[in-house]
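Peer 1: Before anything else, here's the structure in question.
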Amino acid sequence: MRVLLNEVSPHIAAPGSEVSGEALAVLYAHPERWTRANMVATLDGAGAGEDGLTGSVNTPPDNEVYRLLRDLADVVLVGAGTARAEGYGRPGPRLRPGRTPCPDLAVVSRAARVPPGLAGPAPGRGGVWMVTRAAAGERALERARALLGADRVLVHGGVEVDLRAALADLAGRGLSRVLCEGGPSLLADVAAAGLLDELCLSTVPLLAGGDAPRIALGARSGLELRPRLVLERDGTLLHRFVRPTR
């Protein structure tokens, strides 16, 4: 990938140079306790293709960074609706060494419903956590516990899910490097709660048209982010935007 801007590790690669492999991993490294989001958007701001899925707008460079960011994370945070729509399964083995063989997956669900693709056992793959609220009701919570295990259902908040408490709970369990993969509502909620340290955004060379949602939808945050890294390959731009105070 060609470097356009590098304020992360200037000694690794100057603008105009090419990076790959371990050099790319160094450029995406981050602190121990960190919440990063990874999203894709078209040139006109669509967060998905006309089928409503991100797969129809993903590109090879975007997929490469997607795999790298999962390798660097302890846990992938995703909304239950996105997990169902995109057909999420338990995360597979890392391509690079990590603290665990696979990252875990934490599903945020107000209703405490476990997406079908995550309900059964999957040897050799990451574990699944449910992040939910008390208002989901005891019956729904018991169903989730039966599918995932009693200790895997994290109830934080009464009427609304308390994301700050949930991420603190995950960090206390050794899952402090969080990768949020959306969807748009969850990303907006994470940002509005002041929990987002970084946004990795792939801008793909496509005008989607239509009425696809933006990458953040719902809660307002007013969060300011600054570009620290910009890469390019085959027209896809890959950005690291970081909070200025970090």
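The values are calculated or read from the model by the stated rules, or taken from the named source; none is laboratory data. Here the structure is a predicted model, which is why all the values come from computation and not from measurement. In this analysis, Cβ positions are derived from the backbone assuming ideal geometry, glycine residues included, and neighbour counts consider all displayed protein chains. For accessibility, only protein heavy atoms count, side chains too; no ligands or nucleic acids. Shrake-Rupley method; radii C 1.70, N 1.55, O 1.52, S 1.80 Å.
Peer 1: For the subset of segment 36-62 comprising residues that are of a type in the set (A, V, I, L, M, F, W, C) and in contact (Cβ under 8 Å) with a residue 40 or more places away in the chain, which member is most open to solvent (accessible area, probe 1.4 Å)?
Peer 2: Checking each candidate, the answer is L43.
Peer 1: Being farther than 20 Å from L163 by Cα, at pLDDT below 95, hydrophobic (A, V, I, L, M, F, W, C) and part of a loop (DSSP other than H, G, I, E, B) is true for just one of A46, A14. Which residue is that?
Peer 2: A46
Peer 1: Can you tell which of A144, A136, A112 is more than 30 Å from L229 (Cα to Cα), surrounded by 15 or more Cβ atoms within 10 Å (Cβ to Cβ), touching a residue at least 40 places away in the same chain (Cβ under 8 Å) and in contact with a helix residue (DSSP H, G or I) (Cβ under 9 Å, 6 or more places away or on another chain)?
Peer 2: Going through A144, A136, A112 in turn, just one is more than 30 Å from L229 (Cα to Cα), surrounded by 15 or more Cβ atoms within 10 Å (Cβ to Cβ), touching a residue at least 40 places away in the same chain (Cβ under 8 Å) and in contact with a helix residue (DSSP H, G or I) (Cβ under 9 Å, 6 or more places away or on another chain): A112.
Peer 1: Which ones in segment 100-146 are within 21 Å of the chain's Cα centre (by Cα) and in a helix (DSSP H, G or I)?
Peer 2: P116, G117, L118
Peer 1: Now for a different question. Among L187, L195, L223, which is over 19 Å from E7 (Cα atoms), touching a strand residue (DSSP E or B) at 6+ places or on another chain (Cβ under 6 Å) and part of a loop (DSSP other than H, G, I, E, B)?
Peer 2: Within the list L187, L195, L223, the selection yields L195.
Peer 1: Restricting attention to segment 11-26, which residues are closer than 16 Å to E232 by Cβ and not hydrophobic (A, V, I, L, M, F, W, C)?
Peer 2: Hits for segment 11-26 are P15, G16, S17, E18, S20.
Peer 1: Where residues in segment 18-43 are assigned to a helix (DSSP H, G or I) and not small (G, A, S), which of them is farthest from D189 (Cα to Cα)?
Peer 2: Once the filter is applied, the top-ranked residue is E22.
Peer 1: Given the structure, is V75 within 21 Å of D189 (Cβ to Cβ), modelled with pLDDT of 95 or more, open to solvent by 10 Å² or more (accessible area, probe 1.4 Å) and β-branched (V, I, T)?
Peer 2: Here the answer is no, as V75 does not meet what is asked.
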